[in-house]
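Working notes, structure below.
The values are calculated or read from the model by the stated rules, or taken from the named source; none is laboratory data. Quick caveat, the model's predicted, so the values are computed rather than measured. Counting neighbours? That spans all protein chains shown, and the Cβs are built from the backbone with ideal geometry, glycine included.
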Amino acid sequence: MSEQHPFGAPVTFRIGGRPYEGTYGDSLLETLHRYGYEVPSLCHHEAVSAYGACRLCLVEVVDKRGRHKITTSCNFPVQAGIDVLLDTPDVVRHRRVVLELLLAMAPRSPELRALAAEHDVPGGRLEPDESAEDCILCGLCERVCREVVGANAIAMSARGTAKRMTTPYDAENPACIACGACVYVCPTRCIGLEEADGKRTILRWGRTLPLAVCQQTGRAFTPQFLLEHYAKKLGGLDEKVFRKAPPYR
Amino acid sequence: MDLAKVDRIVDKYQGSPAALLPILQDIQAQENWLPREALQRVADKLQVPLTRVYGMATFFRAFSLKPRGKHICTVCMGTACHVRGAPKLVEKIERDMKIRAGETTPDLEFTLETVNCVGACALGPLVILDGTYHGNITSAKLDKVLKGIGRTK
Ligand code: FES
Ligand code: FES
């Protein structure tokens with residue numbers, strides 16, 4: 001198949017039996033979303049690479065030979081001739097178990113609770129892990145920090161039951177520019193951002209940076225260090241640009 | 001740790017970021033653990049983020065971020081060894097050495113670690129002391145083995 005269709009080639013495949021156009025190698029989840037199909041997902045974002053950690057985006061794929069398999073769709077490449085079945089009894093059952101496990105990791109997350117309710121996840125079978133910090137180890141924050149922001153402030157450390165998202169040595173990391181992208185992208189909102197007294201703190205990473213004041217309005221708008229980071233990254237820009245908040249530039 | 005030693009190791013691999021793993025292995029082999037300054041130095045020299053170095057250093061069991069002792073005692077806690085009394089052995093060593101599994105005595109002489117199956121289940125319970133495998137071990141035999149390195153209490 002891959003010989004006939006190089007990555008990026010247009011292919012036809014089916015969703016629930018209906019023919020659709022797609023691009024070979026594209027994320028199946030993104031393609032499904034583009035066509036308006038609802039598939040729940042927690043660890044995927046179009047801006048970053050697929051990771052397949054939350055296991056929520058399950059679909060059933062029927063290949064050309066008629067074999068069925070359950071797979072995560074975010075990291076499954078669209079390819080010619082497959083039929084993608086959504087919400088089959090198997091998918092529904094597996095998704096429920098996945099949600100049950102995720103909920104045990106993040107028992108306080110309103111987002112997860114809502115999802116669990118929506119998918120009729122039975123409660124009470126697993127003891128919620130109270131020390132779990134509501135992190136489901138989806139790795140979105142780390143991918144955004146590394147792939148989009150380029151700050152590389154956090155890392156998945158250790159593995160197995162000891163696996164955690166942290167800064168190195170759990171210490172304040174000078175690489176963090178307190179941009180808040182991780183806070184924004186976190187599906188369980190377990191990172192947290194606070195602004196007070198001209199400073200911004202990313203709660204989970206213990207990073208506090210003073211905010212720059214906009215020359216136009218006199219209001220604090222973003223960490224000074226962040227502005228310097230981007231001034232350096234973008235290069236060649238008049239640094240006056242960064243003295244004002246975006247609407248006044 | 002002497003950072004010049006880190007530099008020498010990194011230079012041996014031409015400062016290639018792809019060699020991060022063998023570099024960490026070499027430091028671990030030389031120092032018996034990975035000191036924080038060493039990891040920072042490796043990150044700086046290879047120009048990779050510290051997060052990557054830290055992630056790798058915490059991922060593999062072969063690396064230790066805490067100083068390890070001169071003698072390393074590993075008790076197998078795999079299923080076979082477990083049912084044959086490995087937890088009792090661990091408890092005994094913990095009591096005798098006054099450390100917990102994963103810890104090192106304050107004099108940096110002795111480290112106690114556990115692993116899950118070393119693939120010699122027929123010999124269980126199994127204790128590995130400084131690379132030597134001692135099979136079918138009992139509490140009394142353990143005392144004898146530990147006496148060999150001058151540690152019994
Ligand atoms: S979105 Fe696919 S595994 Fe998380
Ligand atoms: S369980 Fe100890 S060697 Fe396998």
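Taking the stretch B:86-135, which residues are in a loop (DSSP other than H, G, I, E, B) and within 11 Å of ligand 2 (Cβ to nearest atom)?
Hits for the stretch B:86-135 are B:N116, B:C117, B:V118, B:G119, B:A120, B:G124, B:P125, B:L126, B:G135.
Kindly indicate the residue of the stretch A:29-56 that is among the β-branched types (V, I, T) and touching a strand residue (DSSP E or B) at 6+ places or on another chain (Cβ under 9 Å) and also farthest from ligand 2 (Cβ to nearest atom) among those meeting that condition.
Filtering first and then ranking leaves A:T31.
Can you spot a residue in the stretch A:83-100 that is in contact (Cβ under 8 Å) with a residue 12 or more places away in the chain, within 13 Å of ligand 1 (Cβ to nearest atom), under 23 Å from A:E147 (Cα atoms) and out of contact with any Ser or Thr (no Cβ under 6 Å at 6 or more places or on another chain)?
no
Which one of the conditions (1) hydrophobic (A, V, I, L, M, F, W, C); (2) in a helix (DSSP H, G or I); (3) touching a residue at least 12 places away in the same chain (Cβ under 8 Å) does A:V241 fail to meet, given that it meets all the rest?
(3)
Kindly check whether there is at least one residue in the stretch B:66-73 that is within 14 Å of chain A (Cβ to nearest Cβ) and either more than 30 Å from B:I137 (Cβ to Cβ) or at pLDDT below 95 (or both).
yes
With closer than 29 Å to A:C141 by Cα and out of contact with any strand residue (DSSP E or B) (no Cβ under 6 Å at 6 or more places or on another chain) as the only criterion, which of A:D26, A:D63 stands out?
A:D26
For the stretch B:69-85, which residues satisfy the criterion of being in a strand (DSSP E or B) and aliphatic (A, V, I, L, M)?
B:I72, B:V75
Only one of these is more than 10 Å from chain B (Cβ to nearest Cβ), part of a loop (DSSP other than H, G, I, E, B) and among the acidic types (D, E): A:E195, A:E172, A:E147. Name it.
The unique qualifying residue is A:E172.
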